[in-house]
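Right, one structure below, let's go through it.
The values are calculated or read from the model by the stated rules, or taken from the named source; none is laboratory data. The structure displayed is predicted, hence computed values, not measured ones. In this analysis, Cβ positions are derived from the backbone assuming ideal geometry, glycine residues included, and neighbour counts consider all displayed protein chains.
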Amino acid sequence: MEKAKRNTRFDPIIFLQIGLVLILFVFLLLPLFFMLFKVTGDDFSYVTKDEIFYKAIGNSLLYSLIGTLISTVLATICAYFLSRIHFKGKKWLVILLVLPMLIPTISIGLGVRTLFGVNGFLDKMFGLKFDGLGFFDLIVGSVVFSFPIVFLLIYDALLYEDKSSYDAANTLGVSRFKSFIGITLPYLRKTLISAFFASFTLIFADYGLPMEVAGKVKTLPMYLYEQVISQFKYGRGAIISLVLLVPAVIAFVFDVLFKESSDGVARSEKIRPSKLFNGLGLGAIIFVGILLIIPMIAFITISFVNRFPSDMSFTFDNYINAFSPNSTISILKFLKNSLIISLLVGLVGTSVAYLSAYVSTRTKGVVTKPLHLISIATLAVPGLVLGIGYVFLFKFTKGWFAGTLAILVVVNIIHYFSSPYLMARNAFEKIDRNYETVAETLGISKNSLFFKVMIPNSIGTILQMFSYLFINSMITISAVSFLCNQNTTPLSVGITIYENRGVWEAESVISTIILLINLLMKIGFDFLSNYVTKIGKRKVEKDMELNRFQFNVLAYIEEHNKQVLTQRRIADGVTLSLGTTNKIINQFIEDDLIVIHNDKTIEVTEKGYKALEPYKVRKAIVIAAGFGSRMVPVTLDTPKPLVKVNGVRIIDTLLDALIAKGIDNITVVVGYKKEQFQQLLEKYPTLKFIENPIYNESNNISSVYAAKDIIDRCYICEADLVVTNPKVITKYQYCSNYLGAYVSETDDWCFFKKGNYISKVSIGGENCWHMIGISYWDEKDSAKLREDIVKVFNSRGGKEKYWDNVPLTVCKHDFKVEVRDCKKKDVTEIDNFSELVIIDPSYANYKKQ
Amino acid sequence: MEILNDKKISVININKRYNGQIVLEDISFDIKEGEFISMLGASGCGKTTLLKILIGIETPDSGTILKDGVDITNNLPSKRGMGLVFQNYALFPNMTVWNNVAYALKGKKDMLPILDATGKPVEGSKELVLRKRSKEEIKAIVDEVIAIVGLSDYANKKPGKMSGGQQQRVAIARTLALNPDIILFDEPMAALDADIRMSLRKEIKALQKKFNKTMIYVTHDQEEAFSMSDRIIVMNDNHIAQFDTPNNIYKNPANDFVKKFVVNHLDEKVLAIKNSTK
């Protein structure tokens, strides 16, 4: 009864939840349903009996397929090289390769047409005659505009590839080309399929390009366009829409079913490839980049000539005319419409997408899941289909909604909804989960929390969302062309009007202006969003940083706090010269980090603790899930960490060392005989347990995966090490490291160093560091580890990996890991049962039970 | 009826399950005004859930909570006169220390003395009205509580720049600003250094004495519980194993668990200290 009373507490968030679902229902689902109901039997029999319909499907399939294949091949090559070459201006190369995303497809068509068409550039300049318009131009144009999306998908995937197999291939003398075929392509399979679908869908449903260059080749979107715009047969349009929807739906389902999490973090590549490879790669990328922008150069050129192709003299007249209100090619009204639409789509779309992501990630209720699904479903609906649906559904609103700028704004928001929604969702998942509870106990309203905490902490993402929506509203024609009229035509649709009239100069001027606006938008907002994120971060981090030597000295003093320490002893303890130590200590006293009392004891002040705080180990994760197969028979009864050696459980040696240093936030990952670990709580009440449910069907990466969310400035330790010298665990750590003991020869896991950092891990080696399974991960590396563990775990064969391979081989360029020296006898590894018997003879008579 | 006045909080037959699994079973106890109570237990014993039910973030399946004799089981968390200090501080990174503390005060309505024409509270008037605090009133409160926790020099810094101990003091100041009569702590020192723990312990005790607040302190650290508390609730397996003064618990552990978990543990620690100072 009490429960019932509690639940009646009214939460106004429900209005927002319902409101958002309603918006998406009315403006996405309803138009689609409505469209289906409007189809008549006559429409159906007309379309299905029309030969042109089948011809158009055939044409569309053919050129979409060829275009997709070519752009996938080119994009794979570019992404492969760009992910591997060493080049400082990589960021600009990426922008060069994605430039076609900033202009309407019809502008690309214009460029292609003026290059290859009769009287085009190639014809005029070199006398190269192509057979007019048609398949060739369609394919060239579709490659150009689908290239960026394919490229971005593959490039992102390649940044997270396992590089260790290449090392192996390299040592075996396999050529780069062979390893590309044998390793890279199989790895990319899923991404390639996904990118293939994305590109195919894009080309298949596009009609900006065909409008310009298709000539007599009829594509499906053009067939639809004719039926609707010229013949006003909306029912027929609906049937054709359904066909257009097919590849999009297949692609969507494939993505939802198979796609791995896609939130990527960029990282800097540290591979040093050969000069030849570097040059070759750079050459290939720039070559493709130039091919991509040639169509743009073509229309930009035309925008500055008197009359193409007859009078090629330079002039500004086209621009002057375009911007004078009374000229026949005035674009002022279009420009005004476009800017209004894009700004409104940016503002309203960002708000709605941001709110939807907020509701689906940070509020409770039955609608959060459906809201999420509808939000990402917008990805599958081509603009043309949405446009037709709107024509049907909103006919009755003529004058106050249909026929105004408002309907254009709405259709664009829905059309491009999924990407900004996913950006915002990603941002919300990174904001502390406790804030809602804090607010509840302090009586801070959800509203206030939203505006004063959520928004300030995701402002960078909000800017990116706005920029994405603005840019796409500037270039889209698919949905809006059915919905705009004389008064509401935007720039992009303006191109189609001049296309009909054959005024290439005006088309070129508009295309150039759109490119310019979007380029400014993209670069400006990228910069702005980087800037706000960076200043936010810098404010948090700066202020007090210790250098390596200062850290060593201060941590050493803290370890021997309130004891009498001579400078000589400190200098020896941290292996520094007496002079340097003396300088550092004097500086510390001056800065008030330590005090030396009259009785010569040294004490760290609160300020000193504050300076050490960023290096404080926050917690430890202990991996204890496995079945110690080599320890049979004793592990048949007891998991290895709980086996007693000379009366003490193995894991206790580690836990005692941790707790002695004040590290009591310890999480043990358990699996095999997990119940038995409960006995530890008696001696160690602070222990927390996480279960690894798949410990017996995967390697130890699954244990770290199970604990991934809590990796944060922590030790990650194996539970089966006998820690004989507790000093190997320290309270503070300067940076990420692995414990290692120098050996002249080993057949076990070992490290090689380059400078201070681990450069290579191998099994067996000479003059190397024997690896000991106690590692520390600093703030930055913890964050990367949290992401990389997930990436690798979800990759093909990821579950069979050792977790250590993630930072040390697969993603080693993300991490800088040092070796922390210790003696071999500091930590004893008991590898098998016979070693156990040697160390603890009481096991000699151990019997299977 | 005079007994009732003595009780600040009464917890009566609280039960809670998550997905069918029992988390708290028939929990009942009383706490007196001005007491410092620790809830001590290993991870997963239910102590944090109990804390959440007390402040109202979680709902019990059955049972009643009385505060000053009034049933508050169904009150909103912010309407219970309680404050909660979190383990991970949960400060707002985009706000300065001052604004973190002032945030909850701004725009919040309370029963306060009426204002005169100049906007100042009428002195000596006992007439209360429901109103927001003026800027001056907020400033006075915030400056005061920040001074109490010793962070006046840091008022304009952002929390990300500060040490864990300082951040936790900001969190305490944020709670104090709303002047709750009961303050709950959810393992507030779990992330702090031993030395800072010691000094913060003393400070929290001093605060309690100074303002006569009732404090309920969740911890898994026996030493902490024993050094701070008037009485300790030892929890085990979703039940209260023992509720008594530190002295009585040590001398007369109620059962085997309490003996092992509390007494032996303290003995070990004492022994370790003796050995290390030899």
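Structure values in brief
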read-out	value
Residue check, residue A:26 closer than 29 Å to residue A:390 by Cα, out of contact with any Ser or Thr (no Cβ under 6 Å at 6 or more places or on another chain), more than 14 Å from chain B (Cβ to nearest Cβ) and not in a helix (DSSP H, G or I)	no
Enumeration of residues in the stretch A:356-366 that are surrounded by fewer than 19 Cβ atoms within 10 Å (Cβ to Cβ) and touching a residue at least 40 places away in the same chain (Cβ under 8 Å)	A:361, A:363, A:365
Residue list for the stretch B:139-164, filter: within 14 Å of chain A (Cβ to nearest Cβ) and hydroxyl-bearing (Ser, Thr, Tyr)	B:154, B:163
Residue that is over 22 Å from residue A:815 (Cβ atoms), without any contact (Cβ under 8 Å) to a residue 24 or more places away in the chain and either among the charged types (D, E, K, R) or out of contact with any Ser or Thr (no Cβ under 9 Å at 6 or more places or on another chain) (or both), where the choices are A:656, A:652, A:637, A:664	A:664
Pick from the stretch A:734-781, criterion surrounded by 21 or more Cβ atoms within 10 Å (Cβ to Cβ) and among the polar types (S, T, N, Q), ranking: nearest to residue A:661 (Cα to Cα)	A:775
Counted residues, the stretch A:691-739 - those being over 31 Å from the mean Cα position of the chain (by Cα) and either β-branched (Val, Ile, Thr) or in a strand (DSSP E or B) (or both)	9
Which listed residue, of A:106, A:95, A:85, A:13, is modelled with pLDDT of 90 or more and β-branched (Val, Ile, Thr)	A:106
Residue B:240 within 14 Å of chain A (Cβ to nearest Cβ) and not in a helix (DSSP H, G or I)	no
Unique match (being more than 26 Å from residue A:680 (Cβ to Cβ), within 14 Å of chain A (Cβ to nearest Cβ) and crowded, with 21+ Cβ neighbours inside 10 Å) among B:37, B:53, B:31	B:53
Entirely in the stretch A:370-482, the helices (runs of 4 or more DSSP H) that have 2 or more residues that are crowded, with 18+ Cβ neighbours inside 10 Å and not hydrophobic (A, V, I, L, M, F, W, C)	A:383-393, A:405-415, A:418-429, A:435-442, A:459-475
Any hit, the stretch B:233-253, residues being closer than 28 Å to residue A:605 by Cβ and at pLDDT below 90	no
Criterion: polar (S, T, N, Q), within 14 Å of chain B (Cβ to nearest Cβ) and over 21 Å from the mean Cα position of the chain (by Cα) - qualifying residue of A:496, A:437	A:437
Index of the failed condition, residue B:261 passing every other in (1) without any contact (Cβ under 8 Å) to a residue 60 or more places away in the chain; (2) buried (at least 17 other Cβ atoms within 10 Å of the Cβ)	(1)
Output for the stretch A:663-689, where each listed residue is more than 9 Å from chain B (Cβ to nearest Cβ), of a type outside the set (D, E, K, R) and surrounded by 18 or more Cβ atoms within 10 Å (Cβ to Cβ)	A:663, A:666, A:667, A:668, A:669, A:670, A:671, A:672, A:677, A:680
From the options B:176, B:200, residue that is in the same structural domain as residue B:90 (by TED's automatic domain parsing), outside any loop (DSSP other than H, G, I, E, B) and either under 30 Å from residue A:687 (Cα atoms) or touching a helix residue (DSSP H, G or I) at 6+ places or on another chain (Cβ under 9 Å) (or both)	B:176
Residues being away from every other protein chain (no Cβ under 14 Å) and either touching a residue at least 40 places away in the same chain (Cβ under 8 Å) or more than 28 Å from the chain's Cα centre (by Cα) (or both) - total across the stretch B:99-127	14
Test: residue A:69 is closer than 30 Å to residue A:510 by Cβ and either part of a helix (DSSP H, G or I) or β-branched (Val, Ile, Thr) (or both)	no
Among the residues listed as B:234, B:258, B:262, the single one being within 26 Å of the chain's Cα centre (by Cα) and not in a helix (DSSP H, G or I)	B:234
Residue ranges of helices (runs of 4 or more DSSP H) in the stretch A:166-241 with at least 3 members modelled with pLDDT of 85 or more and surrounded by fewer than 22 Cβ atoms within 10 Å (Cβ to Cβ)	A:185-205
Residue satisfying condition, being more than 14 Å from every other protein chain (Cβ to nearest Cβ), over 25 Å from residue A:455 (Cβ atoms) and out of contact with any Cys (no Cβ under 7 Å at 6 or more places or on another chain), within set B:58, B:136	B:136
Selection count where residues are buried (at least 18 other Cβ atoms within 10 Å of the Cβ), more than 8 Å from chain A (Cβ to nearest Cβ) and not β-branched (Val, Ile, Thr), scope the stretch B:76-93	4
Selected residue [out of contact with any strand residue (DSSP E or B) (no Cβ under 8 Å at 6 or more places or on another chain) and within 30 Å of residue A:431 (Cβ to Cβ)] from A:726, A:693	A:693
Check on residue B:207, more than 14 Å from chain A (Cβ to nearest Cβ) and either of a type in the set (Asp, Glu) or surrounded by 14 or more Cβ atoms within 10 Å (Cβ to Cβ) (or both)	yes
Whichever residue in the stretch A:590-607 is assigned to a helix (DSSP H, G or I) and closer than 19 Å to residue B:196 by Cα and, among such residues, is farthest from the other protein chains (Cβ to nearest Cβ)	A:607
